[in-house]
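Trainee: Mind having a look at this structure? Questions to follow.
Rule-based calculations on the coordinates, nothing more; no lab input. As the structure is a prediction and not an experimental result, all values here were calculated from the model. No Cβ is skipped: glycine too gets one built from the backbone with ideal geometry, and neighbour counts run over all protein chains shown.
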Amino acid sequence: MVMMGIEFTGTVPFSYVYLHGLIRDSQGRKMSKTLGNVIDPLDTIKEFGTDALRFTLALGTAGQDLNLSTERLTANKAFTNKLWNAGKFVLQNLPSQDEAAVWENINSFQFDTEESLQMLPLPECWVISKLHLLIDAVTASYDKYFFGDVGRETYDFFWADFADWYIEASKARLKHSGGHTVASVSQAVLLYVFQSILKLLHPFMPFVTEELWQALPNRQEALIVSPWPQTSLPRDSNSIKKFENLQALTRSIRNARAEYSVEPAKRISASIVANDEVIGYVSKEKEVLALLSRLDLQNVHFTNSPPANADQSVHLVAGEGLEAYLPLADMVDITAEVERLTKRLSKMQTEYQGLAARLSSPKFVEKAPEDIVRGVQEKAAETKEKITLTKNRLAFLKSTGEACSESLLPSVEKFSAMAFTERSKKQ
């Protein structure tokens, strides 16, 4: 090929050669008609789409074989759909073309200097800092032909950072519509980050990215000829750390809600305990925290010390110097939860007794296959741990229920005295 290129064109046709491994089936076998495991790309494209197939193949590691499975294709089809839905969200939350004043406000935001970045609210500064880090990493990987790294890094940023966190956080801003500055900065960031993601993904997924690009407002050229994102842009590591604290706090509250089976629509109160510095930046994002954690915005309080009802609350440690107290009465019906856990504990204890009996039998331990015995041992250890956790939770609920009852006694006694006085007056 090189000799033919020199012969007919007078120049070397290429300077670099990229070697990829074989595309194998899901079991790692070489495709052949004899085995009947040949995957036809045309059939795959019909079911999963061209971009999903391209992305799946590109995620392989250079020089290593790739096991092509339906699960991988399905996952990357879901990624394509997620990208499309994110594009719809961005477009639906941008102003119409005739709102010139709003667009002027949006276009006034620039993200290429340290000063402009530090003026942004915390979530916006965080996502743009993460994007700028991604652009540098992806560009370096492209230069080294590490295409798999490019795909994985962009996938992780889009799904884990942009879609799961920033898009959700932006909903707290976007409700301030009508050209409000709070909404405008979020619209500007959504547009900037999303169009950068499209540029990074375009070599992998040319069709869906081009279609989404053409739908964005004020596009004057095709994505395929648009300039590559600029590298070495500013990033604020301090804002990244601060937002990670906010994420940790949100995850802790979400986990507590899930553990106590709190209804998704139910808003609960919370007391956030931290030092003044942490309270300073977390309290500024109170609305975002309430939205992401499903808290009652009017009952989110910030303090340097545990609240008065700390002994009746679920205590969460989100990180060093950042804690939360969630009043248990807000989250569950304590009596019903105690009853439910008591029944669950009884079932687990019965199950554990059965497992322990099997393990104490010499016949079972000596004659059963080793993997079966190991499985029973692991199941017994897991069940024992669950029993301990359930007992601890029951003890906490019972003590909290008693504390709640005691705290109500003065009010009940006062109410009874008032009622008795009123009856005496009537008599």
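Trainee: What span do the alpha-carbon atoms of the range 23-235 cover on each of the three principal axes, reported in whole Å from largest to smallest?
Mentor: Here the Cα extents, ordered largest to smallest, are 66, 32, 31 Å.
Trainee: Starting at 0 and stepping by 5 Å, how many percent of the alpha carbon pairs of the range 128-250 end up in each bin?
Mentor: 2, 10, 18, 22, 22, 15, 9, 3, 1, 0
Trainee: ARG344 to ALA101: extension gain in nm, 0.36 nm per residue of separation minus the Cα-Cα distance?
Mentor: Stretched out fully, the ARG344 to ALA101 stretch lengthens by 81.4 nm.
Trainee: Let me ask you something else. Rounded to the nearest 10 degrees, what's the angle between the helix 181-201 long axis and the longest principal axis of the chain, both from Cα atoms, 0 to 90?
Mentor: Result, in degrees: 50.
Trainee: Tabulate in residue order the Karplus-calculated ³J(HN,Hα) for the range 122-139, using 6.51 cos²θ - 1.76 cosθ + 1.60 with θ = phi - 60°, rounded to whole Hz; enter x for Gly and Pro.
Mentor: 4, x, 5, 5, 5, 5, 6, 4, 5, 5, 5, 5, 5, 4, 4, 5, 5, 4
Trainee: From the phi angles alone, apply the Karplus equation (6.51, -1.76, 1.60; θ = phi - 60°) to the range 96-113 and give each ³J(HN,Hα) in whole Hz, x where the residue is Gly or Pro.
Mentor: Working through the residues one at a time gives 6, 4, 7, 8, 4, 5, 5, 5, 4, 5, 5, 6, 6, 7, 10, 10, 10, 10 Hz.
Trainee: Between the helical axis of 334-359 and the dominant principal axis of the chain, each derived from Cα atoms, what acute angle in degrees is found, rounded to the nearest 10?
Mentor: Once rounded, the angle reads 70 degrees.
Trainee: Sort 76-88, 111-123 by packing, meaning the average of other beta carbons within 10 Å per residue, with the highest value first.
Mentor: Per-residue mean Cβ counts within 10 Å order the peptides as 76-88, 111-123.
Trainee: Taking H as built 1.01 Å from N, whose amide H comes closer than 5 Å to the amide H of ALA62, not counting residues under 5 places away?
Mentor: Excluding prolines and chain starts, which carry no amide H, the hits are GLY148.
Trainee: Do the alpha carbons of any pairs in LYS130/LYS241; LYS30/LYS144; LYS347/LYS398; LYS46/LYS199; LYS171/LYS266 sit beyond 23 Å of each other, and which pairs?
Mentor: In this structure, LYS30/LYS144; LYS46/LYS199 lie more than 23 Å apart at Cα.
Trainee: Right, next: Going by C-beta contacts inside 10 Å, put LEU22, LEU291 in order with the fewest on the left.
Mentor: Lowest to highest Cβ neighbour count: LEU22, LEU291.
Trainee: Would you compute, from DSSP H runs of 4+ residues alone, the mean residue ellipticity of the chain at 222 nm, taking -39500 (n - 2.57) per run and dividing by the full residue count, rounded to the nearest 500?
Mentor: -20000 deg cm²/dmol
Trainee: Say we join alpha carbon atoms closer than 10 Å with springs in a Gaussian network model of the chain; which of LEU246, LEU198, LEU35 then has the biggest fluctuation?
Mentor: LEU35
Trainee: In addition: Please report the Cα spread of the chain along all three principal axes, rounded to whole Å, starting with the longest.
Mentor: Principal axes ranked by extent give 116, 78, 36 Å for the Cα atoms.
Trainee: Using the alpha-carbon atoms, what tilt in degrees (0 to 90, nearest 10) does helix 237-259 show relative to the longest principal axis of the chain?
Mentor: 50
Trainee: Choose one answer from GLY28, GLY63, GLY354: the residue with the largest mean-square fluctuation in a GNM of the chain with alpha-carbon springs under 10 Å.
Mentor: For the chain, modelled as a Gaussian network with Cα springs under 10 Å, the answer is GLY354.
Trainee: Further, regarding this structure: Could you check which residue among GLU382, GLU263, GLU285 shows the biggest mean-square fluctuation in a GNM of the chain with a 10 Å Cα cutoff?
Mentor: GLU382
Trainee: I need the semi-axes of the equivalent ellipsoid of the range 1-91: take the C-alpha gyration tensor, multiply each eigenvalue by 5, square-root it, list largest first in whole angstrom.
Mentor: 31, 22, 12
Trainee: A further question follows. For MET31, what residues show an amide H to amide H distance below 5 Å, using hydrogens built from the backbone and excluding near sequence neighbours?
Mentor: ASP25
Trainee: Continuing with this model, one more query. From the backbone phi of the range 206-212, what are the Karplus-calculated ³J(HN,Hα) couplings (6.51 cos²θ - 1.76 cosθ + 1.60, θ = phi - 60°) in whole Hz, Gly and Pro given as x?
Mentor: Karplus values, whole Hz, x for Gly and Pro: x, 7, 5, 5, 5, 5, 5.
Trainee: Hey, another quick one. What whole number of Å gives the distance from the Cα centroid of the range 89-132 to the Cα centroid of the range 340-398?
Mentor: One Cα centre to the other: 55 Å.
Trainee: Further, regarding this structure: Near the amide H of PHE302, under 5 Å away, which other amide H atoms are found, from residues 5 or more places off or on another chain, if H is placed in the peptide plane?
Mentor: Residues meeting the criterion, in which the H sits 1.01 Å from N, are ILE272.
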